[in-house]
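Remarks on the structure that follows.
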Amino acid sequence: MTMPRIMFGGDYNPEQWPEDVWAEDMKLMAEAGVSLVSVGIFAWARVEPRPGEYDFGWFDRVLDLLAEADIGASLATMTASPPPWLSRLHPEVLPRRADGVRLWPGARQHYCPSSPIYREYAGRLVEQVAARYGNHPALRLWHVGNEYGCHVRACYCDVSATDFRRWLRERYHDVEALNAAWSTAFWSQRYGDWSEVLPPRTAPTFGNPAQKLDFARFSNDAILACYTMERDILRRYTPDVPMTTNFIGLVHKPIDSFRWAAEQDVVSLDSYPDPYDPGTHVDAGFGYDLVRSARRGQPWLLMEQAPSAVNWRERNAPKPPGVMRLWSWQAVAQGADGVLFFQWRQAAGGAEKFHSAMLPHAGAHTRIHREVRDLGAEIAATAELAGTRVRAEVALLHDWPNWWAVEGEAHPAPLDLLAAHRAHYAPLFDAHVTCDVLPPDADLAGYRLVIVPNLYLLSAATAAVLREHVRRGGTLLVSYFSGVVDDTERLHPGGAPGPLRDLLGLRVEEFWPLPADGTIGLDLDGRPGRGLEWSEWVEPAGAQAIGTFTEGELAGRPAVLRHSYGAGTAWYLATRPEPALMRAVLDRVRAEAGVAPVLPGLPDGVQAVRRHGVDRSYLLLLNHGGAEVTVALPAPAVDLLGDADRPTGLVTLAPRGVAVLRS
């Protein structure tokens, strides 16, 4: 999908307001440069007040007003929150938690994803919406559902149990194959009939890890089936209108974004970095690189962000002046072709009445709305960025089944995979090195360096891909607790790192996790430092020790290892070096791999990303620091946000400043 310009707008919920407000909305949207709004997301109860009785007249008027104002609609299927009458008539659609507690109406997303009744009623509504609005001039994009898996990440009811058994039969075909995959000889868990198999409900102690992993896979598929059911209805009516649904949480554990992206025409993301966290822009950067990579570099949409404060954290800080602009441009720098907000007009009631909006309670003459209007003007002035792409020579591998497995119970120590990713990603971000975030089965051709943190669950096929990458001359960095089990949670024979032992030139004999908040001394080629969280007893089998542990039982043993394989090089980290030492490790590894920063010599706190078009490129500079900085450019460039007629070789960035430079 190619947008004609960088889209700008937000969620629009006119059903919350009397009709005499709508005309003012259109006027203010036009003045703010709004070009796209998400509309109808929570309109089900309004358009179908009783089963089979539809009232679309008011919504017709909304879409007509948008068309007259030349504002496009990202039109929702309206199925995200069922009306109260559905659960009154069919209480069996309500989801249950693992402990058996039923989740009731009164919030949103109160449905079992496997429920055929929910899917039937949702499908009927989507048919009505598609037939009525498929040719409407305001329609630009279909917005299927909303924030799938946000509140109901899995359902453990009897309907889901039946669906889970169906899913397992398709995967394993017979119950004996299931027994083998789930290692049910342990603890007398062997099944004699499919009817005995249940979701991993609350049990006396540790559950079966393979059962939990498969239930996570199934739950993702059950929610995805709700999306594809609606999408396929829309396809019949409007085969040429693109489809999306919005991912949440930057990286959301229950939803495999890579699997879902393949079913969409454009990926969209809701992003809510915490203003209290000084490193939150780095976490956002990881999420943006992932969603951009999910469709191999295709531009994506920032579907939601907050203009200022949210309402759902324990403490809800506003975004200081300039932060909303800075973080919006960060999304564009990292490949977004749309900047949208939740929501247009701040709600007067309900659970989100304290969530900020583009048009606050206090009206248009406010700091927030002025910043929104200024940003809208900047977005409109940089339409030529649309469709350009970000390129990377480094890939970091992330895998949802591994995430579900590596954070399981009864392990040597609890691990936080996203924290591990951040530890490896942040030094690249700080060094101005662009990074794609890919699944393990991705094509790695064209990447000089591939980074693999904590790939506990490793298939033989993925091991072969990594081996071939290094054999052809690539560089690989693998971190601890990788290559431990296969995709059914069975240990690889011979110990970790399993099928990567020959590639890495080593064998892990024992895991030595550190105490909570404990550290261990390290020496990296004469540079002292500390290791965090984890350590391992590693026996080299061809690998060279570049760094060693300096304390405790592991003193003198390898901590950082390097191994030549084919035409390339593989590195292994048996601990997580503290941030400064991790930066040193990654600087050395990427230098050996021939990976250069986007722009060398930048001041601390400045982010640099380049977007490439057919015949020109754009350098985006963002100052996340607290001081004014001056950046020397390698060649004169035009700042699209500054003096568009005068190229310059120097750019001065105020704190939270942004420059968009055309080469």
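The values are calculated or read from the model by the stated rules, or taken from the named source; none is laboratory data. This one's a predicted model, so the numbers in the text were calculated from it and none came from an experiment. FYI the Cβ positions are ideal-geometry reconstructions off the backbone, even for glycines, and counts take in every protein chain you see. Heavy atoms of the whole protein, side chains included, go into the accessibility calculation; ligands, DNA and RNA do not. Shrake-Rupley method; radii C 1.70, N 1.55, O 1.52, S 1.80 Å.
List of remarks:
- Of the trypsin sites (Lys or Arg not before Pro) found in the stretch 72-149, those that fall in a DSSP loop while having at most 16 other beta-carbon atoms within 10 Å are Arg97.
- With contacts taken as Cα pairs under 8 Å at a separation of at least 6 residues, the chain carries a relative contact order of 11 percent.
- Sparse-neighbourhood loop sites, trypsin sites (Lys or Arg not before Pro) in the stretch 220-325 - DSSP loop, at most 14 other Cβ within 10 angstrom: Arg296, Arg313, Arg315
- Per-residue SASA entry for Leu506, accessible area with 1.4 Å probe, Å² rounded to 10: 0
- Peptides 467-480, 447-460, ordered by how many other C-beta atoms sit within 10 Å of their residues on average, highest first, read 447-460, 467-480.
- Relative to the Cα centre, the charge distribution of the stretch 180-302, modelled as +1 at Lys and Arg Cβ and -1 at Asp and Glu Cβ, gives a dipole magnitude of about 280 debye.
- For the chain, the list of Cys residues with no other Cys C-beta under 4.7 Å reads Cys150, Cys157, Cys226, Cys435.
- Theoretical FRET efficiency, 1/(1+(r/R0)^6), r = Cβ-Cβ of Trp85 and Tyr276, R0 56 Å, to 0.05: 0.85
- Per residue accessible area in Å² of the chain, where ligands, DNA and RNA are left out and the probe is 1.4 Å: 38
- Loop GluC sites (Glu not before Pro), the stretch 343-428 (other Cβ atoms within 10 Å of the site Cβ: 12 or fewer; DSSP): Glu409
- The chain - charge dipole about Cα centre, Lys and Arg +1 at Cβ, Asp and Glu -1, debye rounded to 20: 360
- Here Rg/Rh (Cα atoms, Kirkwood Rh) was computed from the coordinates, and among [x] 1.17; [y] 0.98; [z] 1.00 the match is [y].
- Signed unit charges on C-beta, dipole axis of the stretch 1-88, positive-most listed residue Thr79, Ala67, Tyr54: Thr79
- Using the rule -39500 (n - 2.57) for each DSSP H run of four or more residues, divided by the residues of the chain, the 222 nm mean residue ellipticity is -9500 deg cm²/dmol.
- Of the accessible area of the chain, computed with a 1.4 Å probe over protein heavy atoms only, carbon and sulfur atoms account for 51 percent.
- Listed residues Gly335, Asn311, Cys226: farthest to the positive end of the dipole of the chain (Cβ charges): Gly335
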